[in-house]
Amino acid sequence: MLQLTYISSAVGPCAESDVDAILKTARRNNVILGVTGLLLFDGRRFLQTLEGETASVNAAYQRIRNDPRHRAIVQLSSKETKARAFGDWAMAAQCISAGPGVVAQVDALTETVADPNLRETFRGFARVRAAALTASSA
Ligand SMILES: Cc1cc2nc3c(=O)[nH]c(=O)nc-3n(C[C@H](O)[C@H](O)[C@H](O)COP(=O)(O)O)c2cc1C
């Protein structure tokens, strides 16, 4: 089983409705491919983990990389794992702009992640962006 994580930047203004549209497609395809994962969006950047059979993850990542809705896609990690970290979701997702409860929600979403590096990648992303949003609206 392959677990792949990348970060990217949204192209143009990307609203929550755009993310909803991405998620709808993602969930439909991921169910068919047996791919699970987590997607965070902070209004500017995406952070996503894809996990599943190697061929399925590679196929999904290939499509995602060619998607013009984001750019500057940087793979943060790619590794073989025995167990899924996000097995319950075809694609769980969270918008960091969603408000003050978001850090706790991301903590909950990453509770099942055994790998401390991966857990901190998501939790750190949520904390830094939530803090930046609070600072800019103060
Ligand atoms: C940030 C981001 C994350 C995405 N995540 C997924 C995903 O997990 N699975 C997926 O199939 N498509 C995902 N997509 C959409 C794909 O890039 C592509 O549009 C889609 O797979 C095409 O599916 P379709 O041919 O069924 O319309 C994502 C797109 C973006 C911009």
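The values are calculated or read from the model by the stated rules, or taken from the named source; none is laboratory data. From a predicted model like this one, the values you see are computed outputs, not experimental measurements. No Cβ is skipped: glycine too gets one built from the backbone with ideal geometry, and neighbour counts run over all protein chains shown. What goes into the accessible areas is simple: the full protein's heavy atoms, side chains included, and nothing from ligands, DNA or RNA. Shrake-Rupley method; radii C 1.70, N 1.55, O 1.52, S 1.80 Å.
So the values come out like this:
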item: Long-range amide H partners of Ser77 with built H, under 5 Å; result: Thr5
item: Accessible solvent surface per residue of the chain, calculated while the other protein chains remain in place, 1.4 angstrom probe, Å²; result: 52
item: For Glu53, net neighbour charge (Lys/Arg +1, Asp/Glu -1) across residues whose Cβ lies under 15 Å away; result: +1
item: Where labels lie 7 Å past Cα in the beta-carbon direction, separation of Arg65 and Ala104 in nm; result: 4.0
item: Residue (of Thr134, Ser17, Gln105) at the positive-pole extreme of the chain, dipole from beta-carbon charges; result: Ser17
item: Relative packing of 42-54, 66-78, which averages over residues the other C-beta atoms within 10 Å, highest first; result: 42-54, 66-78
item: Whole-percent carbon and sulfur share, accessible surface of segment 74-115, 1.4 Å; result: 53
item: Whole-percent pair-distance distribution, where bins are 5 Å wide, for the alpha carbons of the chain; result: 2, 10, 21, 24, 22, 13, 5, 1, 1, 0
item: Arg44 versus Ala72: modelled label distance in nm, points set 7 Å from Cα along the beta carbon direction; result: 0.8
item: Whole-Hz couplings from phi, Karplus 6.51/-1.76/1.60, listed for segment 111-126; x for Gly and Pro; result: 4, 7, 8, 6, 6, x, 5, 5, 4, 5, 4, 6, 5, x, 4, 5
item: Placed amide H near Ala93: partners under 5 Å, 5+ positions off or other chain; result: Leu39
